[in-house]
Amino acid sequence: MTVSIDDIRTARERITGVVHKTPIIKDEKLTAQLGTRIYLKAENLQRAGSFKIRGAYNMISQLSPDEREKGVITASAGNHAQGVALAAQLNGIKATIVLPEFAPLTKVVATKALGAEVIMHGQTFDEAVDHSRELQKQHGFTYVHAFDNDNIIAGQGSIGMEIAEASADIKTVVVPIGGGGIISGIAIAMKELVPGARVIGVQASNVAPVRPSIEAGHPVDIDYKPTIADGIAIKRPAERTLAIIKDHVDELVEVTEEEISEAIFHLAQNAHLVVEGAGAAGVAAIMAGKFKIAPDERVCAVLCGGNIDGNVLARVIEQVLVRKGRYVIFKVLVPDRPGSLAGMLKIIAEARANVIEVYHQRAIWLAPLGSVGIETILEVRDAEHAAEVKNLLENAGLHVEFEHQGDW
């Protein structure tokens, strides 16, 4: 192990006053559901929207005058880009950032706003890394790796120190894994500072190289599949982080795209926190029961980032509402005469259902002559509410069919 608790303590002192000491918030909803206390380390509220400023500032602030003059470069899936851009700006250093071509727009715009030169290259994080390395050689930049660096890991470890200081009762931390920088730092800190600490690592099922790498005894590449957790979509961990994970992480679990979406929805709806896919991975693992939690256990999930694109957030919320049966499709035959649609909508309004979309369907339904099909997407409270709306429409003499994707 190359990073010690003293390195983390020094990093903590160096970044104090620069980064936020983010709050640890009790998740009241999950606590009530699971019968044990669940906490959230809200790094989504950190400067630049994620924990990345911790490690980036710890490294960049120590550069020599010559390195400062030449500037820094990195590749990033998005959050590291903003962390490096901000750290460079605070130190008066030029930053060049290479992002994958399909990086979320919100992260691209935010990185440029922090004064960095942004270059879009490659389909994945790993391709962006390769291009950034070429530019480093050409221009003599100092490379700020997203996770394969002791100063980066030490900076991220300050999160573990804050959790340990906040409560000696929190013994289990749940941390997302991309390249392994954040979980390495947190695991070192927690194991040193909290007797009996347990560290759970979480990866997206679509991009989960750590388990096969540990089984192989060295970092291995895996096939990349798209994931909403773009911040942890790393195809290959570093040898440095893999060794720390192997020695300090107690359990590795994986979460699906649907489970991550459910966690994003939960955090927005119940904890009032906007969290991106990578940041929600730990909560997803808790909600999906991916590891055992004792009744008297105190668990803290690290919300590592909040930089989710508004359009993506809207789609996630809609899809979860569909899966929960909150959005249903009603197909209604009404008389083909003026006022019929208004009458149908009046019944729906009186039932306190919310109309999301409405479509007229004539020929495609082969509706009887003199009738018109109305397809409407409604937001309802639950199965009982949907049945109430259906009964009211049928009592008005209308033919009704409805579809839903929920569990009821």
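Using R₀ = 25 Å, calculate the FRET efficiency as 1/(1 + (r/R₀)^6) where r is the Cβ-Cβ separation of Glu69 and Val18; round to 0.05. Intermediate values should be presented prior to the final figure.
Details: r = 22 Å, r/R0 = 0.87.
Efficiency computed from Cβ-Cβ geometry: 0.70.
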Task: FRET E, pair Asp336, Ile119, Förster distance 45 Å, beta-carbon r, rounded to 0.05 - done: 0.20
TODO: Along Cα→Cβ, 7 Å out, is where each label goes; now give me the distance between the ones at Asn354 and His139 in nm to one decimal.
DONE: 4.6
Open item on the list: Please compute, for the alpha-carbon atoms of segment 135-290, the extent along each of the three principal axes and give them in descending order in Å.
Closed with: 49, 36, 32
Open item on the list: So, R0 is 25 Å and r is the distance between the beta-carbons of Ala168 and His272; what FRET efficiency does that work out to, to 0.05?
Closed with: 0.40
Task: Simple spin-label estimate for Glu384 and Leu345 in nanometres, 7 Å along Cα-Cβ - done: 2.9
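Which entries in the list Lys41/Lys171; Lys52/Lys112; Lys21/Lys292 go over 18 Å, if you measure between the two C-alpha atoms of each? Please list the in-between numbers first.
On the way: Lys41/Lys171 13 Å; Lys52/Lys112 16 Å; Lys21/Lys292 29 Å.
Distance filter (> 18 Å) returns Lys21/Lys292.
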- [ ] Report the one residue of Met287, Val19, Leu392 whose Cα lies farthest in the direction of the positive end of the charge dipole of the chain (charges on C-beta: Lys and Arg +1, Asp and Glu -1; origin at the Cα centre).
- [x] Val19
TODO: List the equivalent ellipsoid semi-axes of segment 48-118 in whole Å, largest first, each obtained as the square root of 5λ for an eigenvalue λ of the Cα gyration tensor.
DONE: 20, 12, 9
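Among residues other than Arg352 whose Cβ falls under 11 Å from its Cβ, what is the net charge (Lys/Arg +1, Asp/Glu -1)? Walk me through the intermediate numbers first.
Details: positive: Arg381; negative: Glu350, Glu379, Glu388.
Taking every Cβ under 11 Å from that of Arg352, the sum is -2.
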TODO: Could you pull out every residue, at least 5 positions away or on a different chain, whose amide H is within less than 5 Å of the one on Ile119? Hs are placed 1.01 Å off N in the peptide plane, and Pro or chain starts have none.
DONE: Ile97, Val98, Leu99
Open item on the list: Angle check, please: helix 125-139 long axis (alpha carbons) against the longest principal axis of the chain (alpha carbons), in degrees 0 to 90, nearest 10.
Closed with: 40
TODO: Determine ³J(HN,Hα), in whole Hz, for all residues of segment 108-120 in sequence, where each value follows from phi through the Karplus function 6.51 cos²θ - 1.76 cosθ + 1.60 and θ = phi - 60°; x replaces Gly and Pro.
DONE: 5, 4, 5, 5, 5, 5, 8, x, 7, 7, 10, 10, 8
TODO: Apply the Karplus parameterisation 6.51 cos²θ - 1.76 cosθ + 1.60, with θ equal to phi minus 60°, to every residue of segment 331-339 and state each ³J(HN,Hα) to the nearest whole Hz, in sequence, with x for glycine and proline.
DONE: 10, 10, 8, 10, x, 7, 8, x, x
- [ ] Tell me which residues come under 5 Å, amide H to amide H, from Asn307 once H is placed; ignore anything under 5 positions away on its chain.
- [x] Glu276
- [ ] Under a cut-off of 12 Å between alpha-carbon atoms, report the aspartates and glutamates in cross-link reach of Lys390, not counting same-chain residues fewer than 8 places apart.
- [x] Glu401, Glu403
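Arranged by the count of other C-beta atoms within 10 angstrom, fewest first, what order do Glu262, Glu67, Glu401 take? Don't jump to the answer; show the numbers that get you there.
Values: Glu262 22, Glu67 15, Glu401 12.
In increasing order of surrounding Cβ atoms, one gets Glu401, Glu67, Glu262.
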- [ ] Could you state, as a whole-number percent, how many of the C-alpha pairs of segment 121-197 are farther apart than 17 Å?
- [x] 54
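Kindly put Arg298, Arg326 in sequence by how many other C-beta atoms sit within 10 Å of each C-beta, fewest to most. Working shown, then result.
Details: Arg298 17, Arg326 21.
Fewest to most other Cβ atoms nearby, the residues stand as Arg298, Arg326.
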Open item on the list: Let me test this: with uniform point scatterers at the alpha carbons of segment 207-292, what is the Debye-based log₁₀ I(q)/I(0) at q = 0.11 1/Å?
Closed with: -0.33
TODO: Tabulate in residue order the Karplus-calculated ³J(HN,Hα) for segment 213-219, using 6.51 cos²θ - 1.76 cosθ + 1.60 with θ = phi - 60°, rounded to whole Hz; enter x for Gly and Pro.
DONE: 5, 5, 5, 7, x, 6, x
TODO: Report, largest value first, the span of the C-alpha coordinates of segment 324-404 along each principal axis, in whole Å.
DONE: 35, 22, 18
- [ ] Let me have the relative contact order for the chain, percent, based on Cα pairs under 8 Å that are six or more residues apart.
- [x] 15
Task: Net length gained if the chain between Ala32 and Ala396 were fully extended (0.36 nm per residue, minus Cα distance) - done: 126.9 nm
TODO: Would you grab the residues whose amide H sits under 5 Å from the one on Asp27? Only those 5+ places off in sequence or on another chain, please, with H modelled 1.01 Å from N.
DONE: Ile38, Tyr39, Leu40
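None of the figures in this text is laboratory data; all of them are computed from the coordinates on show. Predicted model only: the values in this text are computed from it and were never measured. Because the Cβ atoms are built from the backbone with ideal geometry, glycine has one as well, and the counts that use them run over all protein chains shown.
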